[in-house]
Amino acid sequence: MVCGGFVCTKNALSALNILYVMVSLLLIGVAAWGKWFGLVSSISVVAGVIGVGSFLLLVAFVGLCGALKHHQVLLFFYMMILFVVFVLQFSISCACLALNKDQQNQLLEAGWNKSEAMQQDVEKTLNCCGFSYVNHNSSCPAQCFSNPPSCDTCSHTLQSYAREVLQFVGGIGLFFSFTEILGVWLTHKYRNLKDPRSNPGAFL
């Protein structure tokens with residue numbers, strides 16, 4: 001059987017979905033590990049990561065079942081969902097790579113103001129206090145707060161990491177977006193192939 005035939009396409013699609021299953025389990029495991037060991041106290045962050053991992057796991061499960069059973073309906077919905085995810089992920093990845101310094105600062109400030117628990121995580125991890133200024137009349141979990149003049153603002157510290165993080169996230173997102181469009185192509189091709197083991201007169 002040449003590569004590009006029924007069996008080869010089925011195996012390639014199954015392998016791609018097994019990769020998605022592993023990535024989704026990794027996301028869920030890292031989020032749970034971070035919460036368990038107290039590295040992340042923000043419930044919304046943990047819930048968001050676990051939600052993304054669970055969604056990816058569900059999509060991968062649908063794709064894997066469709067590939068193994070050559071199920072036309074499952075493969076169709078898998079292909080449509082994967083295409084929508086590709087468009088969203090490709091757009092977000094390109095936006096991450098295209099953000100300038102002012103836009104990064106606005107994005108960081110918006111994220112900072114969303115959750116007090118996340119603020120405390122950042123202050124404790126990066127040893128900084130406040131976003132744009134250090135308020136000496138409030139509490140801060142950072143070690144440097146015991147000696148206020150040595151505390152730097154978190155915006156200054158975050159900006160030094162922001163570009164690298166955005167480039168990393170954008171690059172990873174682009175990589176996975178191309179695997180998704182590959183999955184769409186494989187699914188479309190696989191749906192139109194006839195199973196050589198089936199009845200020759202049967203519909204696909």
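The values are calculated or read from the model by the stated rules, or taken from the named source; none is laboratory data. Since this is a predicted model, take the numbers as computed values, not measurements. No Cβ is skipped: glycine too gets one built from the backbone with ideal geometry, and neighbour counts run over all protein chains shown.
Residue check: is Glu123 exposed (fewer than 13 other Cβ atoms within 10 Å of the Cβ) and at pLDDT 75 or above? It is false that Glu123 is exposed (fewer than 13 other Cβ atoms within 10 Å of the Cβ) and at pLDDT 75 or above. Within segment 75-87, residues that are within 14 Å of Asn17 (Cα to Cα) reach partners that are among the polar types (S, T, N, Q) and surrounded by 18 or more Cβ atoms within 10 Å (Cβ to Cβ) with beta carbons closer than 9 Å, at six or more positions or on different chains, in the pairs Leu75/Thr187; Tyr78/Asn17; Tyr78/Thr187; Met79/Thr187; Leu82/Thr187. As for segment 48-56, it holds at least one residue that is buried (at least 18 other Cβ atoms within 10 Å of the Cβ), more than 30 Å from Cys140 (Cα to Cα) and either in contact with a Phe, Trp or Tyr (Cβ under 8 Å, 6 or more places away or on another chain) or at pLDDT 90 or above (or both). Arg163 falls short on exactly one of the conditions (1) of a type outside the set (A, V, I, L, M, F, W, C); (2) in a helix (DSSP H, G or I); (3) modelled with pLDDT under 80; (4) out of contact with any Lys or Arg (no Cβ under 9 Å at 6 or more places or on another chain), and that condition is (4). In this structure, Phe145 qualifies as part of a helix (DSSP H, G or I) and not hydroxyl-bearing (Ser, Thr, Tyr).
A search for C-beta distances below 6 Å between a residue of segment 94-115 that is modelled with pLDDT of 75 or more and any residue that is among the β-branched types (Val, Ile, Thr), counting only pairs 6+ apart in sequence or on different chains, returns Cys96/Val169. Residues in segment 108-160 that are of a type in the set (D, E, K, R) and under 21 Å from Cys96 (Cα atoms) were compared, and the one that is nearest to the chain's Cα centre (by Cα) is Lys114. Counting only helices (runs of 4 or more DSSP H) that fall entirely inside segment 42-131 and contain at least 1 residues that are among the charged types (D, E, K, R), the qualifying elements are 43-69, 101-112, 116-126.
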